[in-house]
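A.B. asks: Please see the structure below; I have some questions.
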């Protein structure tokens, strides 16, 4: 089967390995999901409607995630020159939730075209915030709190990676899967 995306300069199609879906949320019976018509082709549904339905669930999830982040920021207001706990906790909990979610979406639950777009892209995308993190680092530095700005930046990045790993490990334990996969799988 060929991918609908050309490889660039030569204009040739790239061969996809057999058995690997283009859309990871496509089930084994969704042969049309791998057709030349596109990544989101599903039998019996016009392509245009399928794309809008996914965009709608992403939008709904994003709106709910943004409202949730706003409520956290109201509960933990930030004072100028102080550690921005609301954004820090929001981003770390979002990283943890994303690690947890992806194990269930990819390894445990049956394929569902709306779960990952709604929760992973929409809700957690709206809930977490890189832009506020960047502005807060800049504001801390602007107030002369260089050590705090550095600590916030480093702890956010390292903490985010640790939170994702912890979410993955916890989800795999809950699901009864090995916490670490062998490279041969």
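The values are calculated or read from the model by the stated rules, or taken from the named source; none is laboratory data. Being a predicted model, the structure only gives us computed values, none of them experimental. Cβ atoms come from the backbone with ideal geometry, glycine included; neighbour counts cover every protein chain shown.
A.B. asks: Can you say whether residue 97 is surrounded by fewer than 16 Cβ atoms within 10 Å (Cβ to Cβ), part of a helix (DSSP H, G or I), in contact (Cβ under 8 Å) with a residue 12 or more places away in the chain and under 17 Å from the mean Cα position of the chain (by Cα), as far as the supplied structure shows?
C.D. replies: Values: surrounded by fewer than 16 Cβ atoms within 10 Å (Cβ to Cβ): no; part of a helix (DSSP H, G or I): yes; in contact (Cβ under 8 Å) with a residue 12 or more places away in the chain: yes; under 17 Å from the mean Cα position of the chain (by Cα): yes.
Criteria not met by residue 97.
A.B. asks: Conditions: (1) free of Cβ contacts under 8 Å to residues at least 24 places away in the same chain; (2) more than 18 Å from residue 131 (Cβ to Cβ); (3) surrounded by 14 or more Cβ atoms within 10 Å (Cβ to Cβ). Residue 86 meets all but one. Number of the miss?
C.D. replies: (2)
A.B. asks: Residue check: is residue 137 modelled with pLDDT under 95, more than 30 Å from residue 54 (Cβ to Cβ) and buried (at least 17 other Cβ atoms within 10 Å of the Cβ)? It would help to see each step written out before you state the result.
C.D. replies: Details: modelled with pLDDT under 95: no; more than 30 Å from residue 54 (Cβ to Cβ): yes; buried (at least 17 other Cβ atoms within 10 Å of the Cβ): yes.
So residue 137 fails the test.
A.B. asks: Which ones in the range 58-82 are touching a helix residue (DSSP H, G or I) at 6+ places or on another chain (Cβ under 6 Å) and in contact (Cβ under 8 Å) with a residue 60 or more places away in the chain?
C.D. replies: Result: 58, 61, 62, 64, 65, 66, 69.
A.B. asks: Determine, yes or no, whether residue 88 is more than 15 Å from the chain's Cα centre (by Cα), outside any helix (DSSP H, G or I) and within 19 Å of residue 151 (Cα to Cα).
C.D. replies: Values: more than 15 Å from the chain's Cα centre (by Cα): yes; outside any helix (DSSP H, G or I): no; within 19 Å of residue 151 (Cα to Cα): yes.
When the stated conditions are applied, residue 88 does not pass them.
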